[in-house]
Amino acid sequence: MRPEDIESLLESVRDGRLTPLVAMETLRTLPFREAAGILADTHRLLRQGFVEAVFAEGKTHQQVADALKVLFDSQGAAVATRVDLSCGETLFGRFPEGVYDSTSRVFSIGRFPSRSTKLEIGVISAGTSDMPVAEEAARILEFSGWTVNRIQDVGVAGLHRILGKLEELRSCAVLIVVAGMEGALPGVVGGLVGCPVIAVPTSVGYGVGQNGYAALLTMLTTCASGVCVMNIDNGYGAAVAAQRILNGLSGE
């Protein structure tokens, strides 16, 4: 449920259009609603400032669709991550108004109103192979109403590329930096800017990279102080972390 829905409910009680008993019954349904064995957290927007996303991986198409329906009905917009092409096609059958991006594997229905236009977030990817994770972060942020500046293919193998984007980097309130291989890019960026930097290692790379473990260790041991590190391939988590920072900066 959205904050404006709570406000409307309270105003209805104040104006006598709704009894306190009916309002209390409505509030009891806020924390969660059940759908296909899933307890959808419909209260997260009020509690944390961002909505629950349906993690589609490992769920049946029916479970994903039912959870999206409950969340959409409760908050006017809903999103699912890690949606494969087959599941995306099923969801289109249920929600023809939805939007599916096969790169990020994000399926969304609607989106939230634009947030502060003064706060831009940069999503930086070291290489095009890192795009799925970077796009997951970018799509979640845009779904939530934030403005995203995508800066792509600026890995440290050609250091001049990221240095050429320095003005753009410094205009952002928060930066999400996505990299595989050795994962050095977030440390470089962290040494160039003063805003929060959220590093995301990806599972891209050759054998000794251990599916992103080498990149994760590089980011955890970076000498650029204060860089925050997410789990491997966790673009969604980076987007939520950025929203927590942005909510604080915008006073929301």
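At-a-glance table
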quantity: Subset of the range 95-145 (residues that are in contact with a Gly (Cβ under 8 Å, 6 or more places away or on another chain) and among the acidic types (Asp, Glu)); calculated: GLU97, ASP130, GLU135, GLU136
quantity: Residue in the range 145-159 that is within 23 Å of ILE198 (Cβ to Cβ) and in contact with a Phe, Trp or Tyr (Cβ under 8 Å, 6 or more places away or on another chain) present; calculated: yes
quantity: Residues of the range 74-97 that turn out to be at pLDDT below 95, in a loop (DSSP other than H, G, I, E, B) and buried (at least 21 other Cβ atoms within 10 Å of the Cβ), as a count; calculated: 0
quantity: Lone qualifier among ALA215, ALA199, ALA242, ALA179 - being out of contact with any Gly (no Cβ under 8 Å at 6 or more places or on another chain), among the hydrophobic types (A, V, I, L, M, F, W, C), touching a residue at least 12 places away in the same chain (Cβ under 8 Å) and surrounded by 18 or more Cβ atoms within 10 Å (Cβ to Cβ); calculated: ALA242
quantity: Test: residue in the range 101-110 that is assigned by TED's automatic domain parsing to the domain that holds VAL189, closer than 28 Å to ASN149 by Cβ, surrounded by 20 or more Cβ atoms within 10 Å (Cβ to Cβ) and of a type in the set (D, E, K, R); calculated: no
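The values are calculated or read from the model by the stated rules, or taken from the named source; none is laboratory data. The structure displayed is predicted, hence computed values, not measured ones. Positions of Cβ are backbone-derived with ideal geometry, glycine not excepted, and every protein chain shown enters the neighbour counts.
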